[in-house]
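The values are calculated or read from the model by the stated rules, or taken from the named source; none is laboratory data. Only a predicted model underlies this, so the values are computations on that prediction, with no experimental measurement involved. Counting neighbours? That spans all protein chains shown, and the Cβs are built from the backbone with ideal geometry, glycine included.
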Amino acid sequence: MKPVLILDSHWRRVDELFDANTLLALRKTFDVVWALDSPIPDDVLYGALPRASVLVTATPNIDSNFLDKAPQLKVIIEVSGAFPDTIDYAACASRGIEVLSCAAGFQDSVAEMALAMTLAGGRGLVREHELFRRGEEFWLDDRDGRDFTVFGAKIGFVGFGAIARATHKLLVPFAPDVCVYDPWLPAEAADAAGVTQMSLVDVMSQSQVVYLAAAPTRENQAMIGADLLNAMAPGALLVLISRAHLIDFDALTSVLATGRISAAVDVFPQEPLASEHPIRKMPNVILSPHRAAAVPGGRQLIGRMILADLMRIRDGGTAHNLQRASETNIAQLGGVDDAAQVASMAGQRA
């Protein structure tokens with residue numbers, strides 16, 4: 001008899017997470033309950049819970065009372081993109097339930113967008129495009145002091161998790177000089193990746209391009225403020241690709257207004273961004289409406305990671321691809337998730 005897996009991915013679509021082959025493989029291994037693009041009815045959820053060994057959900061609300069109804073549950077996988085504070089992690093741990101996050105599954109599509117923003121920002125493609133439309137283009141102009149090449153450039157990462165590492169891999173052909181600020185990064189991991197660990201101020205002040213890619217924690221909210229932004233070199237590019245949680249957005253807006261630096265921004269503290277926000281009209285900013293992972297098939301790596309890790313767990317191993325909840329990262333990450341806002345935006349889109 002196949003183990004029961006409850007697939008309640010709404011507000012995400014099932015085919016957003018799983019390609020046809022992966023979903024078929026999942027169904028061959030598990031008795032999959034629901035797997036439809038609408039919220040699971042309570043009678044279906046609670047009818048399946050006593051037999052379920054796996055729960056995949058975009059909106060987890062897991063407390064001890066819920067777990068009492070799921071005596072066979074072994075794995076909870078959230079598919080919003082971060083560990084939410086709506087899960088009782090201690091209760092899960094006490095019952096031997098593994099809690100996993102799909103966050104790592106965004107790495108390829110987000111890294112691709114980060115590279116696109118870097119190349120567009122470095123070569124002034126958006127600004128030149130708009131000038132061309134107005135008939136104000138400058139032919140064969142080097143744009144000295146504004147544009148730059150990524151080849152051999154000094155590149156900095158604030159945070160060196162899955163997204164940053166995937167971006168780094170895409171940058172390898174450009175042979176950049178890469179520095180990293182990440183207090184959680186072991187020295188041996190930095191050495192293996194060929195990156196140099198530096199202080200936050202050195203990464204910000206010495207890099208031609210700075211990627212903000214750290215996971216949000218209680219300690220790093222708005223840690224990139226006016227002092228660090230003003231320390232960036234003239235003409236440097238800031239790429240905000242992870243969470244707006246990391247930056248003092250008012251300070252960023254003020255510094256960008258001076259024209260000293262440029263930015264490429266995919267995430268914002270409030271979404272949608274207010275129509276009157278001044279950053280919308282700044283020529284030195286590339287704006288993207290939280291679309292770094294939004295491309296057909298761009299999130300299906302999540303489904304492949306889910307399948308691979310569930311197979312490992314079934315065979316007595318541990319999750320290798322998805323992010324595992326631990327006492328350390330939950331203490332750091334808990335309570336700062338913006339999944340509710342993303343879910344709300346997705347609902348408006350639908």
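Conditions (1) at pLDDT below 95; (2) part of a helix (DSSP H, G or I); (3) aliphatic (A, V, I, L, M), marked per residue:
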| residue | (1), (2), (3) |
| --- | --- |
| Lys2 | no, no, no |
| Thr22 | no, yes, no |
| Ala25 | no, yes, yes |
| Leu36 | no, no, yes |
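Rundown of residues vs (1) closer than 26 Å to Thr217 by Cα; (2) in a loop (DSSP other than H, G, I, E, B), yes/no style:
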position	(1), (2)
Ala91	yes, no
Val99	yes, no
Asp108	yes, no
Thr118	yes, no
Gly121	no, no
His129	no, no
Gly145	no, yes
Counted residues, the stretch 159-184 - those being at pLDDT 95 or above, assigned to a loop (DSSP other than H, G, I, E, B) and surrounded by fewer than 20 Cβ atoms within 10 Å (Cβ to Cβ)
1
Can you tell me which residues in the stretch 59-88 are of a type in the set (Phe, Trp, Tyr) and modelled with pLDDT of 95 or more?
Phe66
Considering only the stretch 254-266, I want to know if a residue exists there that is acidic (Asp, Glu) and surrounded by 21 or more Cβ atoms within 10 Å (Cβ to Cβ).
yes
Could you please find all residues in the stretch 79-102 being touching a Leu at 6+ places or on another chain (Cβ under 8 Å) and not aromatic (Phe, Trp, Tyr)?
Val79, Ala82, Asp88, Ala91, Cys92, Arg95, Ile97, Leu100, Ser101, Cys102
Filter the stretch 15-34 down to the residues that are buried (at least 17 other Cβ atoms within 10 Å of the Cβ) and free of Cβ contacts under 8 Å to residues at least 60 places away in the same chain and list them by number.
Val32, Val33, Trp34
For the condition touching a strand residue (DSSP E or B) at 6+ places or on another chain (Cβ under 8 Å) and within 23 Å of Leu228 (Cα to Cα), what is the one hit in Asp147, Asp202?
Asp202
For the stretch 35-63, pairs from a residue that is under 25 Å from Ala20 (Cα atoms) and in the same structural domain as Met311 (by TED's automatic domain parsing) to a residue that is in a loop (DSSP other than H, G, I, E, B) and among the basic types (Lys, Arg), with Cβ under 7 Å and 6 or more apart or across chains, are Asp37/Arg13; Ser53/Lys74; Val54/Lys74; Ala58/Arg12
When every residue in the stretch 104-114 that is of a type outside the set (Asp, Glu) and either within 9 Å of the chain's Cα centre (by Cα) or surrounded by fewer than 20 Cβ atoms within 10 Å (Cβ to Cβ) (or both) is compared, the one nearest to Asp266 (Cα to Cα) is Val110
Look through the stretch 228-273, keep the residues that are assigned to a loop (DSSP other than H, G, I, E, B) and among the hydrophobic types (A, V, I, L, M, F, W, C), and return whichever of them is nearest to the chain's Cα centre (by Cα).
Ile241
